[in-house]
Structures are given as structure tokens and as C-alpha cells.
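The values are calculated or read from the model by the stated rules, or taken from the named source; none is laboratory data. If you're wondering where the values come from, they're calculated on a predicted model, not measured in any experiment. Cβ sites come from the backbone with ideal geometry, for glycine too, and all protein chains shown count toward neighbours.
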Amino acid sequence: MKTAILGAGVSGLALARFLVEGGLASSDVHLFEAAPSAGGLCASKTVDGFTYDVAGGHILFSKDAEAMAWMKANAGGEAAFVRRDRNTKIRFEDRWVHYPFENGLGDLPPRANYECLAGYVQAWHERQVSGSAAPRDFATWIRWRFGDGIAEHFMDPYNEKIWKRPLSEISSDWVAGRVPDAPVADVLKAAVGLRTEGYTHQAIFYYPRHGGFQAITDGLAAQLAGNLRLSTPVTSLQRAGDGWKVNGEAFDRVVSTLPLTDLPALVEGVPSGVAEAMRGLAFNSILCFLVALDRAEHPDLSWIYLPHPSQGPANRVTYMSNYSPNNAPAGRTSFLCEVTYDGRGAKPAADTEEQVLRGLEHAGLLRREEVLFTDAVHSRHAYVVFDHAYAERRAAALGWLAEVGLTPLGRFGRFEYDNSDACVIKARALAAELLAEAARG
Ligand SMILES: Cc1cc2nc3c(=O)[nH]c(=O)nc-3n(C[C@H](O)[C@H](O)[C@H](O)COP(=O)(O)OP(=O)(O)OC[C@H]3O[C@@H](n4cnc5c(N)ncnc54)[C@H](O)[C@@H]3O)c2cc1C
């Protein structure tokens, strides 16, 4: 079964590895990758001894121990990883607030603490009395779930920064299971200063000792040297009998991890309604930039959230040099700043970097004389945006792909909010299906 896998991010690489491990002839597995190296969103970059993850700080964690062990084993084994305690905070004026915010109310100034607590209790009470169902739009959902105080002090400004559109345009469906649901007793305790944890998921994470997060995809790619066609963008996909032609070459089976939004331009014969659905799927892009610092030590933080406009346009800053001692030269440290923008909008203004640095100075996190240099990378597809048309558009896209036998996989191949471990888990499941199919002939 001659198989083409489009895209050599972690999804495409993992699928190729599982197919070969499962017995498919290596010579039948072909990976097309537009970029000169594999990795996709898991890629990292090293500049003058400073290493950073180009699509935002990445950590390895998973509820699926087998998938995580497989990722580590493919990248040098346990010894090649640093084990870290997650320590994340929200910067609120000149204070550090425990994350998640509702478990950190006691860290706030008294008035904000009171407003957040009063709103939380009121919202909780209203839900008890009315038994109201979760509102469908995210803006209303935030107030229904957290109350006015937390909405105004944290949830609204933070989410507006990251999603770059009115929150009423976003569906609340995606929050289920993603936003922690703190019991009211925990929030009351937190407000009077009794520490409650709130979010034990990802309490511990792993990170490659050398080479940034990309060490994981490098490890996979190293075993696929004969299968990888780098710097080979897919420019056309045509049906040919039961299979497909990729750039004119025939394959029995094609698996695409390319963004669904890009397929109408590549695939011949997409019906206009399906093409419109694919093109209409909303996403955000990201500008990530490294700030190399002449600073010997950072506080023991993993990453921080910057909710307020006065803190500049970055929504999140990763303490990149804390992830691995090899992410910065000895005696130096680094930040990684993330700024999102609408995937169909203009790139952020030329002075964005300057605004971010000013914001960090204002937040008391940086002194200008510490900055050695910065280095920036844009990633076009970074976040799936769950607007109200998402479910319908995605169903139209995936439905048609199933009909024509073009198999989608990956974060933007299926438009799902997946981390790299979920990509591996889904690649493993798809490989099992394809191997069974190959065995049946
Ligand atoms: C800000 C941010 C933070 C994240 N944090 C974490 C984290 O902490 N932990 C974690 O596990 N995950 C994290 N993720 C998610 C993780 O990056 C993704 O789940 C994963 O990298 C997606 O892999 P993929 O292979 O599905 O897609 P991609 O990595 O997007 O791979 C698709 C590949 O297709 C290639 N391609 C595109 N068009 C063409 C074409 N026409 N022809 C050929 N090739 C093409 C691209 O170059 C790319 O290599 C984060 C993501 C973001 C954006």
C-alpha cells in the first residue's frame, strides 16, 4: 500500500513511524514536507546559544503514559528529558496571582478580591436557583460561570488578547473539560488566603535537555530519513482510480495533515459548498519571539499570563531558559513572548516587539539593559478558533474527505485543539486502521 503522508509535523512523523513499526514496507511510506526541516509547530530554533520553541513554549505531558513513553523513547529516552514542576502565575499589576485565577483570589488587592469573590458566589447562586444551562456564547458563558468580577479582572481581557475577536463570536463548546471547574468552597478558601490547588493536570511536565521541543520530532525524523521529502510542498491532489495523485505521482492512500483551510487550493474537484466551508474555518496565527537576556537567574516560573492591555500585546511569556539548562548559555536566561493575530488578518504592526518589551517593563518583568537581542518567528496556523460556524464547517469538510477517501489527521488537518501527545495518539489509532486495511489487501 503505497502511502503518502502530507506534512512532517509530529502527526505525519508519528503516523509514518507507526506504519513502519507495524510492518508496512518502509519503501511504501512517503512524507511530503514543504519546509526544509521536519517538526511543524513542534519546531525549535537556536540563535547564539539560545534555544526556543518557534510556535510558543511547548511542554511534554499526557494522560496517556504509553504515548508519552513512546515520544520520549524516540527522542533519546528518559535521560534525554528534564522533569519540571509546572509553576504558572498570572501577573496582576505588581503581584503574582496563583493559576487558575479563581484559586488565587487571595493574592489580589482587597477590592479586586472582593469583586471577584462576590461575583463568583452570585453566579454560583444564580446557577443553583435557576438551574440554567451553559450559555452558547463564550462572553455570556464567562459571566454565567465566573461572575462579573473575574470576567472584568481576568477572563475578558485575557481571552480578548488571545482570541482577537469579540468573545460573543466564540462558542462556549470548546471550554468543556478545558477550563477548570473549581468548587465554590475552594474559591472561598482561596479568597481568604487558604491555598487550594485547582488545577493538578500538567503539575509535572517534561522537556528535552537539548535542542528544544523539536528534539522529539527530530528523534522521529531521524528514523525516517529515507521516507522524508523535505522542501517538497504539495501543490496538487487529484483522484486517480481508488487512490490519489500527489504532485502527479500515484498513491494508494493519502493522509493529509495540511490545514483544511488550504485544501481547496490544492485538491481538484472540491464542491463549492465544501470549499467554502473549508476556507471559512477560523484560526489564529502567532508571532513568537525570543528575548535573550543578560540575566543570570529567573524566578522559578514555567510561564505567566499577562491579561491586561497595559502589560503589552503578549498574552503569555514562557521562562524558556527554565525549561532546560541548555536553552541558554551559562549565566544567561531568556523569555519567549507570544502574540496571536487573526489568521486572515494583517500581520501585527512592525512595532509589536517594541510594544511587548515596553509591556514587560511596565509589568516589572524586564529591564531594557538586560536585553541582548530578540528573534521572531511567525506561524500561520496556531489556534483553532471555535466560532459559531465551526462545527458545521468542519463536519462538511470532514464528511466530503471521507467520501473521497482522503484521510485527514493532525491539529489543522482535522481542525482540533490537540496537543502533540493527542496527535501521536490519533496517529497511532489511524496507523492501526491502515495496517488492518493493508492486511486485508
Ligand atoms: C502556542 C502553542 C502552544 C502549544 N503548546 C503545546 C504544548 O505545550 N505541548 C504540546 O504537546 N503541544 C502544544 N501545542 C500543540 C502542538 O504544537 C501541535 O499539536 C502539533 O505540533 C501539531 O502537529 P501536526 O503535525 O498536527 O501539525 P503541524 O505541526 O502544523 O504540521 C503540519 C506540517 O505540514 C506542513 N505543510 C503545510 N502545508 C504544506 C504543503 N502544501 N505541502 C507540504 N507540507 C505542508 C507544515 O510545514 C508542517 O510541517 C501548542 C501549539 C501552539 C500553537
Is it the case that A422 is more than 16 Å from the chain's Cα centre (by Cα) and in the same structural domain as V270 (by TED's automatic domain parsing)?
no
Can you find even one residue in segment 317-326 that is free of Cβ contacts under 8 Å to residues at least 60 places away in the same chain and not polar (S, T, N, Q)?
yes
If we take segment 246-305, then strands (runs of 3 or more DSSP E) inside it with 1 or more residues that are within 24 Å of T374 (Cβ to Cβ) are 283-293, 303-305
Would you please list the contacts, defined by Cβ atoms under 7 Å and residues six or more apart or on different chains, that run from a residue in segment 103-116 that is over 18 Å from R143 (Cα atoms) to a residue that is among the aromatic types (F, W, Y)?
D107/W96; L108/F92
Pair list, Cβ < 7 Å and 6+ apart or interchain, from segment 228-239 residues that are on the phi < 0 side of the Ramachandran plot to residues that are among the polar types (S, T, N, Q)
L230/S37; V234/N247; T235/N247; S236/N247
Considering only segment 24-47, how many residues are part of a loop (DSSP other than H, G, I, E, B), surrounded by fewer than 21 Cβ atoms within 10 Å (Cβ to Cβ) and not hydrophobic (A, V, I, L, M, F, W, C)?
2
For segment 1-23, which positions are assigned to a helix (DSSP H, G or I), buried (at least 23 other Cβ atoms within 10 Å of the Cβ) and more than 23 Å from the chain's Cα centre (by Cα)?
L19
Tabulated pairs, segment 256-276, first without any contact (Cβ under 8 Å) to a residue 40 or more places away in the chain and more than 10 Å from the ligand (Cβ to nearest atom), second of a type in the set (A, V, I, L, M) and not in a helix (DSSP H, G or I), C-beta under 6 angstrom, 6+ apart or interchain:
P264/V270
Look at segment 1-54 and say how many of its residues are near the ligand (Cβ under 7 Å from one of its atoms) and of a type in the set (A, V, I, L, M, F, W, C).
9
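Which one is surrounded by the fewest Cβ atoms within 10 Å (Cβ to Cβ), of the residues in segment 306-345 that are over 19 Å from V371 (Cβ atoms) and within 16 Å of the ligand (Cβ to nearest atom)?
Among those that are over 19 Å from V371 (Cβ atoms) and within 16 Å of the ligand (Cβ to nearest atom), it is D342.
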